[in-house]
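Heads up: the structure comes next, in structure tokens.
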Amino acid sequence: MFQSDFGIIADYFVKRRKGYKTIENHKPIKHADEMLKFIRIFAEDERFLKLNLEKDKKGAITMCTILDAVEGRGIEKGITQGETLKLIMLVQKKARKGDSIAKIADDLVEDEIVISPIYKMVKEYPEDTERDIYQRLN
């Protein structure tokens, strides 16, 4: 099989296609930036260029460190989405009680500029769930 960085990429995509639960490869990647650009083109996904890669304990970047960075971005995105959904839910409850934007912002210790677009969507689409409102805002 390939011995270069391309071999690491090929191994990853083969294992992914075969449905492996975990895809581990601890071989050091010599040309990490070029490899991420290649994966970006091959996977048609710009997010690979936005990864904040950290070297492993041996001071190398491996496929595992790349996948850890991808997973970390997903976790951060999920946390942010969860916080936003919670905020939308609270705004919905308070708006249904007739609270104003100013009161809601004060109660939730948020700026009115954050609450206002949510409040407007909640008023415009009162039957929507917090996920529906989230989708409309994004």
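For (1) over 24 Å from Lys77 (Cα atoms); (2) surrounded by fewer than 18 Cβ atoms within 10 Å (Cβ to Cβ), each residue gets a yes or a no:
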site: Gln92; (1), (2): no, no
site: Ala95; (1), (2): yes, no
site: Ile104; (1), (2): yes, no
site: Val109; (1), (2): no, yes
site: Val114; (1), (2): no, yes
site: Glu124; (1), (2): yes, yes
site: Glu127; (1), (2): yes, yes
Review point. Within region 87-100, can one find any residue that is assigned by TED's automatic domain parsing to the domain that holds Tyr125 and on the phi > 0 side of the Ramachandran plot?
Key: yes
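Scanning region 15-43 for residues that are part of a loop (DSSP other than H, G, I, E, B) and modelled with pLDDT under 80, which turns out surrounded by the most Cβ atoms within 10 Å (Cβ to Cβ)? Can you show your working first?
Residues of region 15-43 part of a loop (DSSP other than H, G, I, E, B): 18-31.
So of that shortlist, the ones also modelled with pLDDT under 80 come out as 21-26.
Values: Lys21: 5, Thr22: 7, Ile23: 15, Glu24: 12, Asn25: 17, His26: 12.
In this case the residue turns out to be Asn25.
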Review point. Residue check: is Leu49 among the aliphatic types (A, V, I, L, M) and either modelled with pLDDT of 80 or more or in the same structural domain as Glu124 (by TED's automatic domain parsing) (or both)?
Key: no
Revision key, fill the gap. Exactly one of Ile75, Ile118, Ile66 is in contact with a helix residue (DSSP H, G or I) (Cβ under 6 Å, 6 or more places away or on another chain), assigned to a helix (DSSP H, G or I) and either among the β-branched types (Val, Ile, Thr) or surrounded by 15 or more Cβ atoms within 10 Å (Cβ to Cβ) (or both), and that residue is Ile118
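Do we have any residue at all in region 5-14 that's part of a loop (DSSP other than H, G, I, E, B) and not basic (Lys, Arg)?
In the first step, residues of region 5-14 are kept if they are part of a loop (DSSP other than H, G, I, E, B); the result is none.
Looking for residues that are part of a loop (DSSP other than H, G, I, E, B) and not basic (Lys, Arg), one finds none in region 5-14, hence no.
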Review point. What about Arg96, is it closer than 30 Å to Tyr119 by Cβ and in contact (Cβ under 8 Å) with a residue 12 or more places away in the chain?
Key: yes
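The values are calculated or read from the model by the stated rules, or taken from the named source; none is laboratory data. The model shown is predicted, which means the values in this text are computed figures rather than measured ones. Using ideal geometry, Cβ is built from the backbone for each residue, glycine included, and neighbour counts are taken over all protein chains shown.
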